[in-house]
Amino acid sequence: MKLSAEQQAVFSDWVRQKMEHHACSLCQANQWKIGELMPTHDAAADEFDVTGEHGLAQLICQNCGNVLLFDVRCIKEWGQHDTTHSTVM
Ligand SMILES: [Zn+2]
């Protein structure tokens, strides 16, 4: 699903913080664009999480199409509002 404007801003800030001038591991280009949020499957509820609070955010190499996936739960600023789910591992 598409990222909201706010999620895009949070994600792109985070990416810039974590991997400034990161070259693609396949083609060495440094042209990334933000893709979509891939919902993760909640095995307990047997459904996909479509709230946007969990999932894998795509970062796509515009040159070769290599896709990096990031677990949004690692992004502190993501979904500042608390969820009922515990994130403690
Ligand atoms: Zn590439």
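The values are calculated or read from the model by the stated rules, or taken from the named source; none is laboratory data. Remember, it's a predicted structure, so these values are computed and weren't measured experimentally. Methodologically, a virtual Cβ is constructed for each residue, glycine included, from the backbone with ideal geometry; neighbour enumeration extends over all protein chains shown.
Restricting attention to segment 48-89, report how many residues are modelled with pLDDT of 85 or more, more than 14 Å from Met1 (Cα to Cα) and more than 15 Å from the ligand (Cβ to nearest atom). The number of residues fulfilling the criteria is 8. Beta carbons closer than 7 Å, at least 6 apart along the sequence or on distinct chains, never pair a first residue in segment 43-57 that is under 11 Å from Asp71 (Cα atoms) with a second that is polar (S, T, N, Q) and buried (at least 17 other Cβ atoms within 10 Å of the Cβ).
Somewhere in segment 1-17, is a residue polar (S, T, N, Q) and part of a loop (DSSP other than H, G, I, E, B)?
So far as segment 1-17 goes, yes, one or more of its residues are polar (S, T, N, Q) and part of a loop (DSSP other than H, G, I, E, B).
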